[in-house]
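Comments concern the structure below.
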Amino acid sequence: MRKLIAGNWKMNGLISSQAEIEALRGLTGEATCDIVVCPPFTLIDRAVERAKDSNLVIGAQDCHAQQSGAHTGDVSAEMLADIGARYVILGHSERRVSYGEDDEIVHAKAVAAHRAGLIAIVCVGETRHERDEGRAIEVVGEQLAESIPEGATGANLIIAYEPVWAIGTGLVPTNKQIEEVHAAIRHMLEEWLGDDGHSVKILYGGSVKASNAAAIFGLRNVDGALVGGASLKASEFAGIISAAF
Ligand code: PGA
């Protein structure tokens, strides 16, 4: 499966950061993987303009479940599609923690993403405590079961396995731990989605950098990465992109 590398800029980036988009745009010509960048809402429009006529694709980091209405501060999936975003990250652990987003909300947002024609990148992952209790696969399975919407296919859904304890910490699970969870996710997807379960990409996320990307990409059922900190500088992100084959 062709790998996909997605950068999650989180709450980083000003107009001046467009230089990074420009640099990334240059990289996509030769890349053998799909490259997505998810800047903050304020930069999506400009990033889409910058990425025009290239293989660089722009996404968002969240959307509201409703199409429009009295939801101060929120942005709908339709609004994102309207300005040219093609992907949306949903259920990131930072949103689960900061805004109490549960699987039901993530499910509703995924339905909204599909309604608007966006590809949903649904994030799942266990906390340190849950892993220590031996419940990583159980937790991830529950999150998936409750958040994947009807009609999900390999064309409109991506799963990102992001152990909470690995995000922004420099800690990465062992190869065996990553393979175990990814195999379990693949198995569940196949059970629920049939043939489509084979083609849903499963990304790994959590402290991916240029120095560990090749090893992670070599693992079974790892179809790419969701990258936070290391996606902010095009030069570092380039190292990850070139590790994908
Ligand atoms: P990190 O973040 O690469 O900085 O660990 C990953 C993420 O939160 O998606």
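The orientation-averaged shadow of the Cα convex hull for the range 90-188, equal to a quarter of the hull surface, comes to 6.4 nm². For the range 14-57, a/c is not less than 1.5, where a ≥ b ≥ c are the root eigenvalues of the C-alpha gyration tensor, and a/b tops b/c. That puts it in the prolate class. At a threshold of 8 angstrom on Cα-Cα distance, excluding pairs fewer than six apart, so keeping six or more, what relative contact order does the chain reach in percent? Rounded, it is 20 percent for the chain. Normalising the average separation of contacting C-alpha pairs (under 8 angstrom, six or more residues apart) by the number of residues puts the relative contact order of the range 103-245 at 22 percent.
Residues considered: ILE119, ILE105, ILE15. Largest GNM mean-square fluctuation over the chain, using C-alpha springs under 10 Å, is found at ILE15. Considering only Cα atoms, the convex hull volume of the chain works out to 113 Å³ per residue.
A cut-off of 5 Å between modelled amide H atoms, ignoring neighbours fewer than 5 places along the same chain, links GLY59 with VAL37, CYS38, ARG86, TYR87. For the range 132-179, GluC sites (Glu not before Pro) meeting the loop criterion (DSSP other than H, G, I, E, B) and having at most 13 other Cβ atoms within 10 Å: GLU133, GLU150.
Can you give the calculated 222 nm mean residue ellipticity of the chain, where each DSSP H run of n ≥ 4 adds -39,500 (n - 2.57) and the sum is split over every residue, rounded to the nearest 500 deg cm²/dmol?
Numbers: 11 runs with 106 residues, N = 245.
So the helix-based figure for the chain works out to -12500 deg cm²/dmol.
Across the range 44-106, Cα-Cα pairs farther apart than 19 Å form 38% of the total. Using only the Cα atoms of the range 191-237, build the gyration tensor, take square roots of its eigenvalues as a ≥ b ≥ c, and label the shape rounded, prolate or oblate: rounded if a/c is under 1.5, else prolate if a/b is larger than b/c, else oblate. It comes out prolate by the Cα gyration axes.
FYI, it's all coordinate maths here, none of it is from the lab. What you see is a predicted model, and the numbers here were worked out from it, not measured in a lab. Methodologically, a virtual Cβ is constructed for each residue, glycine included, from the backbone with ideal geometry; neighbour enumeration extends over all protein chains shown.
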